[in-house]
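K.L.:
This structure is in structure tokens; I'll ask about it shortly.
The values are calculated or read from the model by the stated rules, or taken from the named source; none is laboratory data. Just so it is clear, the model here is predicted, and its values are computed rather than measured. Please note: Cβ atoms are built from the backbone with ideal geometry, for glycine as well, and neighbour counts cover all protein chains shown. Protein only, heavy atoms only, side chains kept; ligands, DNA and RNA dropped before computing areas. Shrake-Rupley method; radii C 1.70, N 1.55, O 1.52, S 1.80 Å.
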Amino acid sequence: MGPLTARLLLQRGRPKTDRLGRIRRLDLSGLKLHAEHLDPKLLSRLKQLQELDLSNNQLETLPANLGLSHLRVLHCANNQLGDVTALGQFSQLEELILEGNLFLTVNDSLKVSFLLPKLRKVNGKDASSTRTQVEHLNRELTDRVTAHWEKFMATLGPEEEAEKAQADFVRSAVKDVRYGPESLREFTQWRVRMISEELVASGGTQAHEADIPEKPPEAAAAYKPRARLMALKRRDDAPLNLSPVKRVSTSQSAQMEGRPRGPDGSQPALQLEPLHFLQCHSRNNSPQDLKTQLWACAFEPAWEEGHSGSTSQTVATCGGEAVCVIDCQTGIVLHKYKAPGEEFFSVAWTALTVVTQAGHKKRWSVLAAAGLRGLVRLLHVKAGFCWGVIRAHKKAIATLCFSPTHETHLFTASYDKRIILWDIGMPNQDYEFQASQLLVLDSTSIPLRLCPVASCPDTYLLAGCEGGCCCWDVRLDQPQKKRVCEVEFVFSGASGRRVDGLAFVNEDVVASKGSGQGTICLWSWSQTWQGRDSQSSVAVVVLAQLQWSPTELAYFSLSTCPDKGIVLCGDEEGSVWIYDVRRILKQPPPLPAAPQVPTQILKWPQPSALGQPVIKTMVNTVVANAAFTYLTALTDSNIVAIWKRC
């Protein structure tokens, strides 16, 4: 395609006319256009243009000063855009389509919202929530840059040159002023630079808080703030208003309901404070929804090379028809994916290394989500959309997990009593992929939890099932691709008991639980496996028992934080039970036969919703990030609760 001509514009413009200045809608889609083909001199003659379609081209950027001052709608889908700052020239833009631009991230979405104050829709969706997020970030960044200015100026000597000092201030602000998650670092640095330069230009007399004009009246009328739960402050010794029927009965657990204590009775170093309470899974965004059950959450691992000790503060949650990706520090919902008619039960993270058309390697953070309809949906988190669906099972998927050693290998466990190992494949630039079945594992009961064996994840897979704890050989070099359970693990001589909690604490120690026991079992994989002696059923070698709620209710999922040696589990009254397993296992043998009390119990902090305190709820699952700085609990009353370690 060569440069655009006036004749081509007249052919593709509407209404039909012989003058460029009368065209209101122009379709330039599918012409293989590059940025150099868009001649500002020619396009600036389109004085009345309101809608422009540039989709399905090869645009990596847009030229500045196109002169389209009346443009209201712009379609740029399926291009190769890597930067959105040129969109700022379209100050009257109300609707924007950017789908299919692989290199754009959530940072670019925030930039778009900042640059285009009249924008109402992005990719067909209401843009008000992103705008609110941008306003919040701008207020915080402006305050922090202003404080940095005051601190910086106080350190300057009278002999320092003003011009050099101002340049140094901008550089130091960009380097040192931080707010929000690392995933938004590109946007926050971009805004910090702008705010700093404005502050320097004004001599420090003003810093424009957001540089976003007031919402247009129509946008203000359409915007309804999402209901947000607020924690009610109460003294540590104030009792919870719990139903006496469901109160944890007597004994050692009652002793732990006051201030959290260390093993010697002293106050432990671990202190967690309730930070955010969100109703982000509400059906139809209704604040009245306190019934949607939330089932699973997972923190995004830190994928970057050389950052093995780092940890993410981004958590994915699922429940009802939605999957949400939340920044725990700010409480901001970074992404929300909805599938009407679905009920999501499980989420799992992986990262794929994709080669672009230009030959560059890009790291995609991919989230798999599955549930009632038996479908696995693959979500490109930074781009914010679902790029693939695998029809995995005919019945609901109870849980899924990625292999820790193969980024494209995904286990799915279904109510059809089968576990399937998939290779989801590596998507190309058009998001095309080919998923294939690698193994089918038959179970005699419904698998509820999946857990690759920590010391040999490519060899064995554990599953907590309705009928007990089972193990399969998952080696891919074996000829048989459909396999039955190789061994069942039996607890305290009782077989056939539901196992609804299962996770490795370290490379050897497994934590598991079943309903009706009132305990969590710590057992040794290696010692149990060594004593198997080719039997199909083997008693686990128990290391210790942990005291937990005596409830008869099922499906409270436990989790572990291996880096810290911690086991976590919620209960039917909104409490979070925390166990320091390393401390327990360091006790001299033999370990006490009696169940070990939890290191700490976090009480439900009674947030309020609809003007009333939520005084009790079931915590279905609770998960902490690797560094144990954030803890997220999901309830059966549509509340995502986030704690932060002090």
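K.L.:
Within the set of pairs 6+ apart or on separate chains, which have a first residue in segment 90-107 that is closer than 29 Å to residue 48 by Cα, a second that is open to solvent by less than 20 Å² (accessible area, probe 1.4 Å) and among the hydroxyl-bearing types (Ser, Thr, Tyr), and C-beta atoms under 9 Å apart?
P.N.:
Partner pairs satisfying both residue conditions: 97/55; 99/55; 100/55.
K.L.:
Sticking with this structure for a sec: Mind listing whichever residues of segment 595-619 are part of a loop (DSSP other than H, G, I, E, B), open to solvent by 60 Å² or more (accessible area, probe 1.4 Å) and either in contact with a helix residue (DSSP H, G or I) (Cβ under 9 Å, 6 or more places away or on another chain) or free of Cβ contacts under 8 Å to residues at least 12 places away in the same chain (or both)?
P.N.:
Residue satisfying the conditions is 611 alone.
K.L.:
Further, regarding this structure: Within the set of pairs 6+ apart or on separate chains, which have a first residue in segment 518-546 that is in contact (Cβ under 8 Å) with a residue 12 or more places away in the chain and assigned to a strand (DSSP E or B), a second that is of a type in the set (S, T, N, Q) and open to solvent by 60 Å² or more (accessible area, probe 1.4 Å), and C-beta atoms under 6 Å apart?
P.N.:
These pairs meet every condition: 541/527.
K.L.:
Considering only segment 3-35, how many residues are surrounded by fewer than 16 Cβ atoms within 10 Å (Cβ to Cβ), without any contact (Cβ under 8 Å) to a residue 24 or more places away in the chain and under 44 Å from the mean Cα position of the chain (by Cα)?
P.N.:
So the answer is 1.
K.L.:
Can you tell me which residues in segment 104-156 are among the polar types (S, T, N, Q) and either part of a loop (DSSP other than H, G, I, E, B) or more than 15 Å from residue 327 (Cβ to Cβ) (or both)?
P.N.:
105, 113, 123, 128, 138, 142, 146, 155
K.L.:
Restricting to strands (runs of 3 or more DSSP E) lying wholly in segment 424-503: which have 2 or more residues that are surrounded by 17 or more Cβ atoms within 10 Å (Cβ to Cβ) and more than 31 Å from the chain's Cα centre (by Cα)? Walk me through how you get there before you give the answer.
P.N.:
On the way: elements: 436-442, 447-452, 460-465, 468-473, 482-484, 487-490.
Qualifying strands (runs of 3 or more DSSP E): 487-490.
K.L.:
Would you mention how many residues in segment 620-642 are part of a strand (DSSP E or B), in contact with a Phe, Trp or Tyr (Cβ under 8 Å, 6 or more places away or on another chain) and among the aliphatic types (A, V, I, L, M)?
P.N.:
Total meeting the criteria: 8.
K.L.:
Residue check: is residue 108 of a type outside the set (S, T, N, Q) and open to solvent by 30 Å² or more (accessible area, probe 1.4 Å)?
P.N.:
no
K.L.:
Right, here's the next one. One residue is enough: does segment 563-586 have a residue meeting the conditions closer than 24 Å to residue 448 by Cα, part of a helix (DSSP H, G or I) and under 32 Å from the mean Cα position of the chain (by Cα)?
P.N.:
Looking through segment 563-586, at least one residue is closer than 24 Å to residue 448 by Cα, part of a helix (DSSP H, G or I) and under 32 Å from the mean Cα position of the chain (by Cα).
K.L.:
Still on this structure, please answer the following. Report yes if some residue within segment 320-334 is open to solvent by 20 Å² or more (accessible area, probe 1.4 Å), assigned to a strand (DSSP E or B) and farther than 27 Å from residue 129 by Cβ; otherwise report no.
P.N.:
Checked against the condition, which is being open to solvent by 20 Å² or more (accessible area, probe 1.4 Å), assigned to a strand (DSSP E or B) and farther than 27 Å from residue 129 by Cβ, segment 320-334 yields no hits at all.
K.L.:
Let me ask something additional. Under 8 Å between Cβ atoms, at least 6 apart or on separate chains: pull out the pairs that start in segment 439-464 with a residue that is free of Cβ contacts under 8 Å to residues at least 40 places away in the same chain and end on any residue that is of a type in the set (A, V, I, L, M, F, W, C) and open to solvent by less than 40 Å² (accessible area, probe 1.4 Å).
P.N.:
These pairs meet every condition: 445/465; 459/453; 459/474; 460/453; 460/471; 460/472; 460/474.
K.L.:
If I filter segment 283-298 down to residues being under 19 Å from residue 611 (Cα atoms) and at pLDDT below 90, which single residue comes out as surrounded by the most Cβ atoms within 10 Å (Cβ to Cβ)?
P.N.:
Looking at the filtered set, the residue picked out is 290.
K.L.:
With respect to residue 387, determine if the residue is free of Cβ contacts under 8 Å to residues at least 60 places away in the same chain, of a type in the set (Phe, Trp, Tyr) and within 30 Å of residue 128 (Cβ to Cβ).
P.N.:
Taking the combined requirement at face value, the residue satisfies it.
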